[in-house]
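> Supplied in C-alpha cells, the structure appears directly below.
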Amino acid sequence: MELSPMQIYRGVATILAVSIAVAVYSGVIILYGGDPVEAYTKMFRNAFLDPYGLRETMRLASALGIISLGLSIVFRAGLWNIGAEGQYVLGGLAAGYVVYVLGLQQGGPLAPLLIGALTGGLYAAIPGVLRWRLGVNEVLTTLMLNYVALYLLYYVVYGVWRDPQTGFPVTPEIPGAYRLPEVGGFVGGLAIMLLIAPALYYLLFHTRYGFKLRVYGLNREAAEYAGYDRRAIIVGGLFISGLLAGLAGAGDFLGSYYRLMPRFSSGLGYTAIIVALLAYNHPLIVPIASILFAGFLYGSYTLAIVADIPTEATYLMTGLLLAMLVSTQYMERWIGWLARRL
Amino acid sequence: MTSQGRSSPLLKARNIWVVYSDGTVANKGVSLTLYEGEIHGLVGENGAGKTSFVHVLYGVVRPSAGEIYIQGVKTRIASPQDARRHGIFMVPQHNVLIPTLTGLDNIRLSNGAEAVDRVYRLVDELGIDVDLDTPVERLERGMVKKIEVLRALATGAKIVILDEPTSVMSPVEVEDLSRLLKTLRGAGYSFIFISHRLDEVVEICDRVTVLRDGQVAYSGGVDEVEKLYRLMFRGEEYLEASSMRRISPMLRVFLGIEGNGQEELARKYLSGSRGFTGYVPGNPYSAMVPGMSLVDNVRFRVLDQDIDYEGLTLRIVRSYEVVARDIYTPIDRLSGGNMQRFIVGREVELSEDRCVLMYPTRGLDMRSMALVHRRVWDAVERGCEVIYFTEDMEEALMLGGMISVVYRGRVSEPVSADEADVDRLKMLMSGIGWS
Ligand SMILES: Nc1ncnc2c1ncn2[C@@H]1O[C@H](COP(=O)(O)OP(=O)(O)O)[C@@H](O)[C@H]1O
Ligand SMILES: [Mg+2]
C-alpha cells in the first residue's frame, strides 16, 4: 500500500522523537561517567534475560498495554484522554470497594475486575459528556479528574481502608480467592492484554463504529458532513478508553499488588500515552510497544540501583518523549493543511 | 497603443527552461518580450507553466537554462530582492496583505513611510479610485488587488506581474482592475497579466503569449478569442460542446460571488429530498478524509448502505479521469485537481434525486471543467435535479440550464442559458438592476 504524506510524516516524526530521547538519555549516562552501550546492554539483560526481571517487565507491560489499547481508540478519534491515570486509580478503588466493603465472594476476581473497569469507563465518560454537550476541552477535564481520583485514593489508604494491623498507609492484602491467577508464569493481566488487542483491532478496522471513530479523528468536519452521531463517538470513545484504564487498575490491584497504597498511582496512565503514540495508536502494535517500553522502564530502574544512573533520567526521557510525540500529533493537522497548499 | 516598434525592450526572457527537482519540466524554452507601457497577457490551462515562468522572472525559481535581459543587459535574478532591485514586482495569486490592517498600514509596514508618499502621489496624479483606509479584510477582492498593485509600484517597481488576479472577481471588479491597469500603462508602467479567461485578456492586454505544455504556442497581438482558445487547448472538444447550450429545468445554476447567501440557499435544497442528496460543500476538504484510501473516502459517505464500494470507486475514478495509482491510494496523495474531481464525482454519482454542487470546478482547468459539465448533464438526464453554484459567468453560460443570479441574499428570476442577456447578468452580479 502506498503511504500518504501524513503517514510518512508520522513515521519520520516518531523516529526523530525516539532518537532525540535516546540521545538525551545517553547524554545523562555519559554525564554520570557511564558507557551508554554498556548501559543499554545491561538494561536489556536485566529486563528480558533475567527471569525475575522478565516477570517484572511483563507485569509492567500488561498494565501499560491495557491502558494504551484504550487510549489508541480515543486517540484515533482525535480526542485527548489525559486522564487514564485517574481512571486506572478509580478502577483499582472500585475493585477495592467490591473486596473491602461489599465483600462479594462469588466469581472470585471477576466481579471486582468488571466493576473496576466499568467505573473507569464511567469516570472517563464524564469529560465525554461535557465535551459532547458543552464543548468543554477534554484535555483539561480528564487531566483535572486525575487529581480527584488521586485524593480519593489517599483518603481511603490513609483513612477508612488503612490496614489496622500494621498502621502503614496501605490497605490489607486481599484474600487469595480474589486474586487474579497467573497465566503461563506471568501476571494474568498479560493474557488479558493479549486477548483484548485483537478485539480492539477488529473494532477499529472492521466495524462501522471503528470506521466512524477514525473518520472523526482524521477530519471532524467530514464526519459531521457525513452525518455521524457525535455522541457515540465522543462519549463512546472516552468510555472505552476509561473502561480499559479501569480494567488495568483493577487488574493490578487483584493480580500484582493485592492491596492499595499511595504509590498505586505511579504515572502509568501518562506513560501509556507515550506507548500508544509510539505504536501509532494501532492495537496490534501496542502490545509490542508496551513490552519494549516496560523493558526500558524496568531496565532503567535497575540501572539506578546498580550503576547510580538516577531514575530522574528516566522521567526526563519519558517526559521529553511525551512532549515530542504529543506535539507532533498536534502538528499533524498543520501538515495535512500544508500538504494541500503545496 | 502598441510598442513593438521600440528598439530595446524593457524585459526579455529567452529560451527559459524550468525543471523541478522531481523531474517535472514546467517550461520548455519559453521566450517572452515585454515593452515599456505594455500589458502583456500570459494565458494557458492549469499546469501550462505560467506561474513557473514568472517565478523565474521574480527570482523564486532558478531556471535550468535561458537568459533574462533587462533593458538589453543580460541579468541574473537570484532572489525576489534581486528582482525588486531591477524594478520587477510580483503580486501572487493569494492575498498577502495583513487582513486586519488598512491598505495604508500594510504599505507603511512593509515598505516604509516613503512608499506611502509615493502611493499618495500616484493616487493624486492619476486620479485612482482606491480605499486605503479600511481594513483589508472588509474590502472586496477587486479592491484588495488594486491595493496590491499600488504597493508594488510604491516599492519602485516598473514591471508588475499579476498571477491570476481575476480568478475570484466579479465582472465589475474585473473591469475596475482593468481600468487601473490601463491608467498605469499610460503612466509608463508595464504588466504581465496571467489569466485563463480569454475574454478579459482580449479586453485588457496589448499583446499575449499563450503557453501550452510549457511551450509558447503563440506570442503576438491580441486576436479573436476563438483562435486563442484553439491555441490554448489541445482539442476543440469543449468549444463545440459549449456551443450547444443545453437547457433543462432540472439544472438550476446560481451565479454569484461566494458569500452572497449561497450557504442558506444550499441548505434549503439539502433538506426535503427523498433520496440521497449529493453535496459538494464550498470547501471540498471538509468532504474528504485525509489518510484514508479512495475507497474509504467513498465508504465514509454512505457507510450504512449496502453498496459495492470498490466498484463505485473504480467507476468514479474512470469517468472523472482521476489520476491515481489505484483505488487504495490515500486521497491526500492526489493532486488538488484530482482530489476535487473525485469528490465531485462521488457526490454526483451517489445522488439519487438531487445533487447540490458548490463551486465544483473552482480551481479546475477548462478540460476538467468541461468533464464535470458533461457528468452533470448525465445526472440530469437520468432524472437527478442538479443545483449548481458558480462564481463564473462564462462557466454558467457554458454549462447551460436555468440561471439565477445571487446577490446579497437575493435570487433573481431564473432565465434559460440560451436566452440569458450577458450584460444583464453582469449587472445583477454587481448589484445593479435589482428592483
Ligand atoms: N515546486 C514544484 N515542484 C514540482 N513540480 C511543480 C512545482 N510547481 C509546479 N510544478 C508543476 O509544473 C507544472 C507547471 O505548473 P505551473 O507553473 O504552476 O502552471 P500554471 O501556473 O500555468 O498553472 C505543473 O505540472 C505543476 O504540477
Ligand atoms: Mg499558476
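> Applying the selection to region B:272-315, what residues are more than 13 Å from chain A (Cβ to nearest Cβ) and polar (S, T, N, Q)?
B:273, B:313
> Got a number for residues in region B:136-174 being of a type in the set (Lys, Arg) and not in a helix (DSSP H, G or I)?
1
> Looking only at region B:21-33, how many residues end up being near ligand 1 (Cβ under 9 Å from one of its atoms), touching a residue at least 40 places away in the same chain (Cβ under 8 Å) and not polar (S, T, N, Q)?
Total meeting the criteria: 2.
> Can you work out which of the residues in region B:316-328 that are more than 28 Å from residue B:377 (Cβ to Cβ) and surrounded by 13 or more Cβ atoms within 10 Å (Cβ to Cβ) is nearest to the other protein chains (Cβ to nearest Cβ)? Break it down stepwise before answering.
Taking region B:316-328 first, the residues more than 28 Å from residue B:377 (Cβ to Cβ) are B:325-326, B:328.
Next, only the ones that are surrounded by 13 or more Cβ atoms within 10 Å (Cβ to Cβ) stay: B:326, B:328.
Working: B:326: 8, B:328: 6 Å.
Across region B:316-328, the extreme among qualifying residues is B:328.
> Scan region B:45-63 residue by residue and report those that are within 21 Å of residue B:361 (Cα to Cα) and within 9 Å of ligand 2 (Cβ to nearest atom). Before the answer, list the steps.
The first filter runs over region B:45-63 and keeps only residues within 21 Å of residue B:361 (Cα to Cα), leaving B:45-51.
Of everything in region B:45-63, those that are within 21 Å of residue B:361 (Cα to Cα) and within 9 Å of ligand 2 (Cβ to nearest atom) turn out to be B:46, B:47, B:48, B:49, B:50, B:51.
> Separate question: For region B:175-201, enumerate the residues that are within 15 Å of ligand 1 (Cβ to nearest atom) and part of a helix (DSSP H, G or I).
Applying the first criterion (within 15 Å of ligand 1 (Cβ to nearest atom)) to region B:175-201 yields B:192-198, B:201.
If the condition is that a residue be within 15 Å of ligand 1 (Cβ to nearest atom) and part of a helix (DSSP H, G or I), then B:198, B:201 are the ones that fit.
> Now a separate question. Taking residue A:252 as the residue in question, decide whether it is crowded, with 21+ Cβ neighbours inside 10 Å, among the acidic types (Asp, Glu) and in contact (Cβ under 8 Å) with a residue 40 or more places away in the chain. Reasoning before the result, please.
Numbers: crowded, with 21+ Cβ neighbours inside 10 Å: yes; among the acidic types (Asp, Glu): yes; in contact (Cβ under 8 Å) with a residue 40 or more places away in the chain: yes.
When the stated conditions are applied, residue A:252 passes them.
> Okay, moving on. Test residue B:106 against the stated conditions and say whether it is assigned to a helix (DSSP H, G or I), polar (S, T, N, Q) and either touching a Phe, Trp or Tyr at 6+ places or on another chain (Cβ under 8 Å) or at pLDDT below 95 (or both). If you could, list the steps in order and put the result at the bottom.
Details: assigned to a helix (DSSP H, G or I): yes; polar (S, T, N, Q): yes; either touching a Phe, Trp or Tyr at 6+ places or on another chain (Cβ under 8 Å) or at pLDDT below 95 (or both): yes.
Yes: the conditions hold for residue B:106.
> Now for a different question. Between a first residue in region B:90-106 that is of a type in the set (Val, Ile, Thr) and a second residue that is surrounded by fewer than 17 Cβ atoms within 10 Å (Cβ to Cβ), which pairs have beta carbons less than 8 Å apart while being 6 or more apart in sequence or on different chains?
So the pair list comes out as B:98/B:109; B:100/B:135; B:100/B:137; B:102/B:133; B:102/B:134; B:102/B:135.
> Now a separate question. Could you list, in sequence order, all residues of region B:329-376 that are within 14 Å of chain A (Cβ to nearest Cβ), more than 24 Å from residue B:308 (Cα to Cα) and in contact with a Leu (Cβ under 8 Å, 6 or more places away or on another chain)?
Residue satisfying the conditions is B:337 alone.
> A further question on this structure: Looking only at region B:315-333, count how many residues are in a loop (DSSP other than H, G, I, E, B) and in contact (Cβ under 8 Å) with a residue 40 or more places away in the chain.
As a first pass, look at region B:315-333 and keep what is in a loop (DSSP other than H, G, I, E, B): B:320-329.
With in contact (Cβ under 8 Å) with a residue 40 or more places away in the chain added as a condition, the list becomes B:320-321.
Qualifying residue count, region B:315-333: 2.
> When you check residue A:96 against the structure, is it touching a residue at least 12 places away in the same chain (Cβ under 8 Å) and either crowded, with 18+ Cβ neighbours inside 10 Å or acidic (Asp, Glu) (or both), yes or no?
Details: touching a residue at least 12 places away in the same chain (Cβ under 8 Å): yes; either crowded, with 18+ Cβ neighbours inside 10 Å or acidic (Asp, Glu) (or both): yes.
Considered against the rule, which asks whether it is touching a residue at least 12 places away in the same chain (Cβ under 8 Å) and either crowded, with 18+ Cβ neighbours inside 10 Å or acidic (Asp, Glu) (or both), residue A:96 comes out as yes.
> Step by step: first the residues of region A:4-43, then only those that are without any contact (Cβ under 8 Å) to a residue 24 or more places away in the chain, surrounded by 13 or more Cβ atoms within 10 Å (Cβ to Cβ) and outside any helix (DSSP H, G or I), then the one that is farthest from the other protein chains (Cβ to nearest Cβ). Which residue is that?
The residue in question is A:35.
> Being free of Cβ contacts under 8 Å to residues at least 40 places away in the same chain, within 30 Å of residue B:274 (Cα to Cα) and out of contact with any helix residue (DSSP H, G or I) (no Cβ under 7 Å at 6 or more places or on another chain), is that true of even one residue in region B:358-366?
At the first step, the residues of region B:358-366 found to be free of Cβ contacts under 8 Å to residues at least 40 places away in the same chain are B:361-362.
Right, trim to within 30 Å of residue B:274 (Cα to Cα) and you get B:361-362.
Next cut, out of contact with any helix residue (DSSP H, G or I) (no Cβ under 7 Å at 6 or more places or on another chain) only: B:362.
Yes, there is a match, as at least one residue in region B:358-366 is free of Cβ contacts under 8 Å to residues at least 40 places away in the same chain, within 30 Å of residue B:274 (Cα to Cα) and out of contact with any helix residue (DSSP H, G or I) (no Cβ under 7 Å at 6 or more places or on another chain).
> Now, a different point. Under the condition of being away from ligand 1 (no atom under 16 Å from the Cβ) and modelled with pLDDT of 90 or more, which residue from region B:154-174 is farthest from the other protein chains (Cβ to nearest Cβ)?
Just the residues of region B:154-174 that are away from ligand 1 (no atom under 16 Å from the Cβ), to begin with: B:154-160, B:169-174.
Filter again for modelled with pLDDT of 90 or more, leaving B:157-160.
Values: B:157: 26, B:158: 31, B:159: 27, B:160: 24 Å.
Looking at residues that are away from ligand 1 (no atom under 16 Å from the Cβ) and modelled with pLDDT of 90 or more, I get B:158.
> Okay, moving on. Could you please let me know if residue B:36 is more than 19 Å from the chain's Cα centre (by Cα) and either part of a strand (DSSP E or B) or modelled with pLDDT under 95 (or both)? Steps first, answer last, please.
On the way: more than 19 Å from the chain's Cα centre (by Cα): yes; either part of a strand (DSSP E or B) or modelled with pLDDT under 95 (or both): yes.
Taking the combined requirement at face value, the residue satisfies it.
> Against the definition (modelled with pLDDT under 95, within 26 Å of residue A:80 (Cα to Cα), over 24 Å from the mean Cα position of the chain (by Cα) and not basic (Lys, Arg)), how does residue A:159 come out, yes or no?
On the way: modelled with pLDDT under 95: yes; within 26 Å of residue A:80 (Cα to Cα): no; over 24 Å from the mean Cα position of the chain (by Cα): yes; not basic (Lys, Arg): yes.
Taking the combined requirement at face value, the residue does not satisfy it.
> For region A:61-75, indicate whether the set of residues that are surrounded by 13 or more Cβ atoms within 10 Å (Cβ to Cβ), within 14 Å of chain B (Cβ to nearest Cβ) and under 21 Å from residue A:272 (Cβ atoms) is non-empty.
Taking region A:61-75 as the starting set, the residues that turn out to be surrounded by 13 or more Cβ atoms within 10 Å (Cβ to Cβ) are A:61-75.
Checking the rest, the ones that are also within 14 Å of chain B (Cβ to nearest Cβ) come to A:75.
The next check asks that each one be under 21 Å from residue A:272 (Cβ atoms); those that pass are A:75.
Yes.
> On the basis of being in contact (Cβ under 8 Å) with a residue 12 or more places away in the chain, more than 14 Å from chain B (Cβ to nearest Cβ) and not polar (S, T, N, Q), does residue A:220 make the cut? Please lay out each step first, then the result.
On the way: in contact (Cβ under 8 Å) with a residue 12 or more places away in the chain: yes; more than 14 Å from chain B (Cβ to nearest Cβ): no; not polar (S, T, N, Q): yes.
No.
> Here is a further query. Mind counting the residues in region B:56-79 that are free of Cβ contacts under 8 Å to residues at least 12 places away in the same chain and out of contact with any Asp or Glu (no Cβ under 8 Å at 6 or more places or on another chain)? Give the steps one after another, and end with the answer.
If we filter region B:56-79 for residues that are free of Cβ contacts under 8 Å to residues at least 12 places away in the same chain, which is where we start, we get B:73-76.
Next cut, out of contact with any Asp or Glu (no Cβ under 8 Å at 6 or more places or on another chain) only: B:73, B:75.
Selection size over region B:56-79: 2.
> Something else about it: So if I check each of A:273, A:288, which one is surrounded by fewer than 23 Cβ atoms within 10 Å (Cβ to Cβ), within 14 Å of the chain's Cα centre (by Cα) and more than 30 Å from residue A:168 (Cα to Cα)?
Values: A:273 fails: surrounded by fewer than 23 Cβ atoms within 10 Å (Cβ to Cβ).
Only one candidate qualifies: A:288.
> A further question on this structure: Which condition breaks for residue B:93 when tested against (1) within 16 Å of ligand 2 (Cβ to nearest atom); (2) more than 14 Å from chain A (Cβ to nearest Cβ); (3) modelled with pLDDT under 95?
(2)
> Hey, residue B:268 hits all of (1) among the basic types (Lys, Arg); (2) within 16 Å of ligand 1 (Cβ to nearest atom); (3) surrounded by fewer than 19 Cβ atoms within 10 Å (Cβ to Cβ) but one; which does it fall short on?
Looking at each condition in turn, residue B:268 falls short on (2).
> Among the residues in region B:69-87, are any within 29 Å of residue B:201 (Cβ to Cβ), within 16 Å of ligand 1 (Cβ to nearest atom) and buried (at least 20 other Cβ atoms within 10 Å of the Cβ)? Spell out the reasoning first.
Initially, region B:69-87 is screened for residues within 29 Å of residue B:201 (Cβ to Cβ), giving B:69-72, B:75, B:77, B:80, B:82-84, B:86-87.
Narrowing the set further to residues that are within 16 Å of ligand 1 (Cβ to nearest atom) leaves B:80.
From what's left, buried (at least 20 other Cβ atoms within 10 Å of the Cβ): none.
No, region B:69-87 contains no residue that is within 29 Å of residue B:201 (Cβ to Cβ), within 16 Å of ligand 1 (Cβ to nearest atom) and buried (at least 20 other Cβ atoms within 10 Å of the Cβ).
> Which residue, of B:45, B:36, is more than 16 Å from ligand 1 (Cβ to nearest atom) and of a type in the set (Asp, Glu)?
On the way: B:45 fails: more than 16 Å from ligand 1 (Cβ to nearest atom).
It is B:36.
> Those residues that are over 24 Å from the mean Cα position of the chain (by Cα) and more than 16 Å from residue B:186 (Cβ to Cβ), I need them from region B:132-166; list them, please. If you could, list the steps in order and put the result at the bottom.
Filtering region B:132-166 for residues over 24 Å from the mean Cα position of the chain (by Cα) gives B:132-135, B:154-158.
Within region B:132-166, B:132, B:133, B:134, B:135, B:154, B:155, B:156, B:157 qualify.
> Just one of the numbered conditions (1) more than 16 Å from ligand 2 (Cβ to nearest atom); (2) farther than 21 Å from residue B:34 by Cβ; (3) surrounded by fewer than 17 Cβ atoms within 10 Å (Cβ to Cβ) is not true of residue B:182; which one?
Status for residue B:182: all satisfied but (2).
> Being away from chain B (no Cβ under 14 Å), over 22 Å from residue B:296 (Cβ atoms) and more than 17 Å from the chain's Cα centre (by Cα) narrows it down to one of A:238, A:180, A:203, so name that one.
Values: A:238 fails: more than 17 Å from the chain's Cα centre (by Cα); A:203 fails: over 22 Å from residue B:296 (Cβ atoms).
Of A:238, A:180, A:203, the one residue that is away from chain B (no Cβ under 14 Å), over 22 Å from residue B:296 (Cβ atoms) and more than 17 Å from the chain's Cα centre (by Cα) is A:180.
The values are calculated or read from the model by the stated rules, or taken from the named source; none is laboratory data. This one's a predicted model, so the numbers in the text were calculated from it and none came from an experiment. All Cβ positions, glycine included, derive from the backbone under ideal geometry; neighbour counts span all protein chains shown.
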